[in-house]
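*Asks:* Quick one: the structure is below, and I'll ask about it shortly.
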Amino acid sequence: MAAMILSNAISHTFHDIIPSIFLGAPGEDTALAVLPGHTLLLEGQGAQAIRLSALGSAGSVVFSMFTVIPLSLLFVKSYSLIQENMAFILIFVVFVMVMTEKDEYYHGEGRQKVWRKRVYALLLFGMSGLLGVFAFRMDYLAVPVIDWGQGSILLPLLSGLFGASQLIVSLFSDPVIPTQYDSKPELETGKIVRGMVTGSIFGSIVAWLPGISSSIATVFARLFVKQEEKSSNSGYGNNEAFLSSSKEFIVSISGVNTSNAIFGLMALAFVGKTRSGAMVAINELIGGVSLELSLVVLFLCAILLTSLLSYFSTIYLGDNIHHVLEKVDYPKLCYGIIFFLAVMVLLSTGLFGLLVFVIAIPIGMLAPFLGVKKSHVMGVILLPVILYFI
């Protein structure tokens with residue numbers, strides 16, 4: 001059962017790019033991929049973006065298998081030092097996240113305009129963080145309507161901030177999927193490799209830090225991927241540099257997500273810490289004991305097999321999913337998912353959870369309207385964790 005859950009988590013890192021690009025409804029891990037993905041989708045290169053994402057995830061698996069033991073031993077050796085300075089590390093991460101936000105500067109308008117998005121990002125981090133502090137301190141009120149065990153307050157928080165909020169934003173537009181062309185990747189090998197490596201490295205690092213998600217790791221990986229600006233005087237197809245950087249960015253995001261999932265298993269095996277819902281479930285299934293070598297080998301084999309199958313299924317879906325989506329009533333699909341989320345929150349966490357879910361939705365909607373990264377909403381976990389270590 002634990003191997004099945006792990007396989008599901010790995011498979012998810014391959015396939016979650018598909019709704020991010022074709023439906024505009026990303027999860028938290030792929031929220032940053034929406035703009036580059038939609039850029040390629042509008043160019044008829046959505047299937048190519050999916051194939052590049054699959055390459056990024058598959059390359060991350062290969063990279064991780066060669067580095068998982070030495071990097072894990074390095075992290076274990078320095079883990080006590082990391083633990084002692086966790087608050088300062090997390091504060092530094094928040095600082096870098098905020099400072100990566102920037103707005104266009106026009107001569108004569110004043111430097112304060114450059115800082116506008118940084119202020120928005122800090123505001124969004126603070127709002128989501130305060131919601132997280134409130135929800136975690138009052139989580140004893142999250143009494144499930146159906147007695148199937150104590151529900152996690154993370155369900156209404158993350159469903160509202162990243163799920164329902166993005167679906168509602170998507171409903172403001174009338175999505176049209178243009179004709180898609182051949183999915184053969186048109187990106188230099190060097191850029192593909194660079195995207196894989198940077199994504200894999202930062203994905204492996206954040207797996208050892210509490211409250212740090214894949215999207216935050218992507219912010220750091222993005223510092224090593226040159227982001228070209230789209231020319232205002234030309235269409236998407238005439239701006240090859242912008243399209244190229246978008247493709248490399250998608251490779252990097254996918255590498256982050258898959259590497260993070262793999263090294264999350266190593267964090268559980270070596271230091272007994274869980275960094276994702278999948279790892280929490282696996283830890284409970286094995287009785288909360290340290291992973292034995294035989295189990296680690298079994299799980300790594302499961303990861304390899306799952307990655308191989310997921311690589312081909314992701315490409316197949318990317319090449320064919322637009323034919324299916326052309327026949328789907330997208331608004332009805334969004335409404336149905338939002339309703340399903342609300343019902344699950346109510347059944348799992350009661351009226352208090354539903355209240356948290358409703359409050360979280362407008363906070364999650366602020367990011368696209370303010371023009372800042374959705375990753376700042378991870379303040380919902382980061383701020384409580386920082387306060388805990390302080």
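The values are calculated or read from the model by the stated rules, or taken from the named source; none is laboratory data. What you see is a predicted model; the values in this text were computed from it and never measured. Neighbour counts are summed over all protein chains in view; Cβ atoms, including those assigned to glycine, are modelled from backbone coordinates with ideal geometry. The accessibility values were calculated without ligands, DNA or RNA, using every heavy atom of the protein model including side chains. Shrake-Rupley method; radii C 1.70, N 1.55, O 1.52, S 1.80 Å.
*Asks:* Computed FRET efficiency, Cβ-Cβ of LEU73 and LEU223, R0 30 Å: what is it to the nearest 0.05?
*Replies:* 0.70
*Asks:* Could I ask something else about it? At a probe radius of 1.4 Å, what is the per-residue accessible area of VAL98, in Å² to the nearest 10?
*Replies:* Counting only protein heavy atoms, the figure is 20 Å².
*Asks:* How much length is gained on full extension from SER244 to LEU347, taking 0.36 nm per residue of separation minus their Cα-Cα distance?
*Replies:* 32.5 nm
*Asks:* Computing the accessible area with a 1.4 Å probe over protein heavy atoms, can you report the carbon and sulfur percentage for region 287-390?
*Replies:* Of the solvent-accessible surface of region 287-390, carbon and sulfur hold 77 percent.
*Asks:* Show ASP147, ASP139 ordered by accessible area, largest first, where the area counts protein heavy atoms only and the probe is 1.4 Å.
*Replies:* ASP147, ASP139
*Asks:* Sticking with this structure for a sec: Which of the pairs LYS77/LYS273; LYS117/LYS332; LYS191/LYS373 have their Cα atoms more than 26 Å apart in this structure?
*Replies:* Listed pairs above 26 Å: LYS117/LYS332.
*Asks:* Using a 1.4 angstrom probe on the protein heavy atoms only, line up ARG51, ARG137 by accessible area, largest first.
*Replies:* ARG137, ARG51
*Asks:* Another question, if that's okay. Before I look further, what does region 243-390 give for accessible area per residue, probe 1.4 Å, in whole square angstrom?
*Replies:* 44
*Asks:* OK, next. Would you tell me the accessible area of ILE205, worked out with a 1.4 angstrom probe on the heavy atoms of the protein chains, in Å² to the nearest 10?
*Replies:* Accessible area of ILE205: about 60 Å².
*Asks:* Which sequence of ASP319, ASP16 reflects their accessible areas, 1.4 Å probe, from the largest down?
*Replies:* In descending accessible area the options line up as ASP319, ASP16.
*Asks:* Any idea what the relative contact order of region 239-390 is, in percent, if you count C-alpha pairs under 8 Å spaced at least 6 apart?
*Replies:* Worked out over region 239-390, it gives 9 percent.
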